[in-house]
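Single-structure report; data block below.
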Amino acid sequence: MQKLKLKVIKTSVRGEPSWCVRVPTLDGKRKRRFFDSKQDAETFLQLKKAELSNFGTRGVNLSETDRGDYLAAVDRLRPFGLSVLQAVDMLLPTLKARDKSCTTTALVAELLKAKASDGASERYLKDLRTRLGIFAAEFPEDMVSSFTTARLDDWLRGLPHSPTTRNNYRRLLGVLFSFAVERGFAIANPITKSSEAKVIGKKPGILTVEQAIRLLGKAEPEILPAIALGLFAGLRPESECWRLDWSSIDFEDRLIDIAADKTKTAQSRFVKMSDNLVAWLLPYRQLSGPVCPTGDKYNYMLQRAREAARITSWPSDCLRHSFASYHYAHFQNAGATAQELGHTGLKTLFKHYRNRVKPQQAERYWNIFPATEPETEDKVVHMAA
């Protein structure tokens with residue numbers, strides 16, 4: 001500890017003796033404080049000695065403004081049971097994240113690049129690009145670390161979409177901000193405490209038996225295998241059917257091999273082929289090659305089949321949903337239906353597909369066969385059980 005000296009100095013201003021205390025400064029020099037009385041100087045000297053002992057030279061040299069700020073901070077933190085040092089330790093990660101943070105536009109671009117490198121499907125990348133692109137366009141230059149839960153809630157509630165779509169945006173924002181936390185651009189994911197929109201329970205739309213018959217009867221040969229695989233095997237169109245090769249369909253053992261790299265969940269599975277599915281696929285069987293058209297051509301040909309079959313309402317993914325509903329109603333085996341769908345549990349099955357179809361309708365569904373004579377109207381014959 002540096003030594004503090006008490007010294008008498010005669011000033012030329014008053015001509016009277018003053019008492020001076022010299023205090024060490026941070027640059028190694030000393031500053032002087034003058035007092036009219038020796039008692040005041042000694043009191044100040046003892047105070048500075050205590051400060052120097054407890055806090056060192058830096059503590060002794062606190063300005064009056066710094067002392068005021070410190071005392072005010074202590075008062076404000078007292079109700080929370082925090083010291084100034086504890087409060088600073090809590091604040092530092094936020095300040096570091098703010099300094100390292102980036103704009104939403106840059107973060108979305110970095111996330112897309114990372115997901116593409118990780119092998120994410122084009123469908124998932126498109127979903128990220130579309131929804132997060134809308135978010136980034138709304139806040140192009142905003143720093144990621146500046147977003148709070150309340151701010152994100154306000155933005156989500158302002159979207160002109162259904163509760164389900166709003167929740168889809170929320171889910172992808174969760175992916176974005178989790179990525180931000182991993183990269184050190186934010187200290188926490190604000191979306192985790194955001195409000196999820198309430199979705200009124202609504203069963204997925206399915207086709208009636210009559211609609212399924214008309215659709216198969218009016219479908220062109222190039223698109224028909226894809227429709228049959230959706231109706232009677234429950235294959236997802238883009239992530240499974242579009243990627244399926246004829247070599248993966250085993251007509252001997254009646255199994256469809258869905259490889260892990262051709263599924264939405266990246267998990268392989270075998271799908272059993274029903275009698276009527278085999279009958280629908282056999283006329284188009286090949287040793288290898290794509291089973292169906294993809295992209296715009298798939299959508300265009302499916303649209304033509306729907307229009308020809310006079311199906312005006314087309315619920316999302318209704319071919320797969322029809323399979324699930326009719327399969328469970330007919331076979332009454334939740335585990336088997338979930339396995340065919342590629343689900344890892346029964347929650348989704350019970351929530352969406354149970355009690356959708358009467359057993360009599362399910363029996364009709366699994367007896368939809370192609371007609372033996374090509375001239376037969378609509379190419380479909382409804383066989384008895």
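Structure data summary
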{"item": "Segment Arg151-Phe270, length gained on full extension (0.36 nm per residue, minus Cα span)", "result": "38.3 nm"}
{"item": "5 angstrom amide H check on Leu244, placed H, neighbours 5+ away", "result": "Val291"}
{"item": "Cβ crowding within 10 Å averaged over residues, with 151-159, 73-81 ranked highest first", "result": "151-159, 73-81"}
{"item": "In nm, spacing of pseudo-spin labels at Asn167 and Gln361 (7 Å Cα→C-beta vector)", "result": "2.4"}
{"item": "Label-to-label distance, nm, for residues given as Gln303 and Thr130 (7 Å Cα→Cβ offset)", "result": "1.4"}
{"item": "Cα-projected label distance for Gln339 with Gln86, points at 7 Å along beta-carbon direction, nm", "result": "5.7"}
{"item": "Shape of the stretch 104-193, Cα gyration tensor, a/c cut at 1.5", "result": "oblate"}
{"item": "Theoretical gain in end-to-end length, Glu122 to Ser195 [0.36 nm per residue, Cα-Cα removed]", "result": "23.4 nm"}
{"item": "R0 of 56 Å, Cβ-Cβ distance Glu42-Ser178: FRET efficiency to nearest 0.05", "result": "0.35"}
{"item": "FRET efficiency estimate (nearest 0.05) - Cβ-Cβ, Ser313 to Glu220, R0 25 angstrom", "result": "0.70"}
{"item": "FRET efficiency, 1/(1 + (r/R0)^6) with R0 25 Å, evaluated for Leu71 and Ala188 via beta carbons", "result": "0.20"}
{"item": "Reciprocal mean inverse distance between Cα atoms of the stretch 207-341 - Kirkwood radius, Å", "result": "15.0"}
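Bear in mind these aren't lab numbers, they're just calculated from the coordinates by the rules spelled out. Quantities reported herein were computed from a predicted structural model and do not represent experimental measurements. Every residue, glycine as well, gets a Cβ built from its backbone with ideal geometry; the counts of neighbours run over all protein chains shown.
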